[in-house]
1. Work out the FRET efficiency for Ile255 and Glu230 from their Cβ-Cβ distance, taking R0 = 22 Å, and round it to the nearest 0.05.
2. How big is the range 5-75 by Rg and Dmax over its Cα atoms, in Å?
3. If I take the Cα coordinates of the range 192-319 and project them onto the principal axes, what are the three extents in Å, biggest first?
4. Suppose R0 equals 22 Å; then what is the FRET efficiency for Glu195 and Thr347 from their Cβ-Cβ distance, rounded to the nearest 0.05?
5. May I ask which of Lys88/Lys149; Lys125/Lys166; Lys65/Lys90 have a Cα-Cα span longer than 26 Å here?
6. Pull out the extension gain between Ala338 and Thr28, defined as 0.36 nm times the separation in residues minus the alpha carbon to alpha carbon distance; nm, one decimal.
7. Using θ = phi - 60° and the Karplus curve 6.51 cos²θ - 1.76 cosθ + 1.60, what whole-Hz ³J(HN,Hα) does each residue of the range 185-202 get, with Gly and Pro shown as x?
8. Quick one: give the max-minus-min coordinate of the C-alpha atoms of the range 278-364 along each principal axis, largest first, in Å.
Amino acid sequence: MATTTIKLSTKVHHKAKQILIHFDYDETLLDLVRTLPERRWSKSLKHWYVPYSEHALKCIKSTFKNYSIDSRALYKGYNLDHSKLPKKYKTLMKFYIKYLNGKRYSKSTIDSYSFLVTDFLMYSKSKELHELTLRQVELYVEDVFLKRKYSVSTQRQLVSGLKLFKSFCPEVGYDVLELERPKKDRTLPTVLSKEEIINLIRLTKNLKHRAIIALIYSCGLRISELINLELKHIDINRRQLLIKNAKGRKDRYVIIAESFLPLLHNYLTTYEPNYYFVEGQKGSRYSSESVRKFLKSSCKRAGIRKRVTPHTLRHSYATHLLENGIDLRYIQSLLGHAKPETTMIYTHVAKKDLLAIKSPLDIAVKQFTSSENQHQKVVISGT
């Protein structure tokens, strides 16, 4: 099988849902994509696309059957065709969403839980409620999750959604004690060096983009906190930002960097936003997709080859605070973490204490030089 990966995603374009097809330039792939019915090239999207349908998906997979197809992005929008859901389940899901709202879960949590539970019910649509056993859940994971290459964190969300669904609808056949969440991935966050951060800010030419990157890093903001930040919550005199209704419905204060104030003044006087710190067209809320897009371009300009997202800037902020000797309790408060264990991950990437550890190779070379070759430097490079 060819090693090239075909990436599929969805987007509303020309007032209709489209399947976007992305791959690195290849003449063979270009010839193949041109055989798809109703395919078009978009100059604005810079992608090939076809109108969304199950038939189109099958056609794409058949056309590129000799290539690896990454279709994970197709399922990130939490949109399902509810017309295929039996009527009994449609009504049930309507009241399940109402139940979640009553529990005061955030919109993003409700969206993800309802999407995953609905998808499970669509997979099990021929079953009655009492037939939705633990084995049925396992089959759904094996047949759907693995094929879509869903992450472990998404599977943990599925288990959480199903546990709440059992509380809402006791008639289902599985027991909440039977549902086990898979262990979290112990991956370390990507962190930029201080030099990379400065270069990234300096080489971002657009003033608005530069202000966004500098603010995210200097205050350790989540992307949702940036795009929801209102001007009235910026206190320049006290050098503070009030982050309202952040993750977990918590408010917190963060410190504005003194070095950021001239850039902040320059940005505010140039763009004159009305309500939000950063605004889109006609004063609308700025999109997270736009931030990710220009951040990628800025990283390329700065020669940064790491995979960088807006959250990487937050990781870098926390790690650099720790390296500067700030107590973990204060970092936890500044980041808005509910548990200290979440903040502890930065102890694994901070280099302040690690650099103080001498490698046994360094010690061996030094000891060898001092004991047996006092007048000759030991070189292990071979030159």
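Bear in mind these aren't lab numbers, they're just calculated from the coordinates by the rules spelled out. Remember, predicted model here, so these are calculated numbers, not experimental data. Glycine also receives a Cβ, built like all others from the backbone with ideal geometry; neighbour counts cover every protein chain displayed.
1. Values: r = 18 Å, r/R0 = 0.82.
Once rounded, the FRET efficiency stands at 0.75.
2. Calculated on Cα positions, Rg and Dmax stand at 11.1, 32 Å.
3. 36, 31, 27
4. Working: r = 22 Å, r/R0 = 1.00.
Step by step, r from the Cβ atoms, then E = 0.50.
5. Details: Lys88/Lys149 29 Å; Lys125/Lys166 17 Å; Lys65/Lys90 35 Å.
Over 26 Å Cα-Cα: Lys88/Lys149; Lys65/Lys90.
6. Numbers: separation 310, 0.36 × 310 = 111.60 nm, distance 5.11 nm.
Contour length minus the Cα-Cα distance gives 106.5 nm.
7. Calculated HN-Hα couplings, in order: 5, 9, 8, 8, x, 6, 10, 8, 6, 4, 5, 5, 5, 4, 4, 4, 5, 4 Hz.
8. Here the Cα extents, ordered largest to smallest, are 64, 34, 18 Å.
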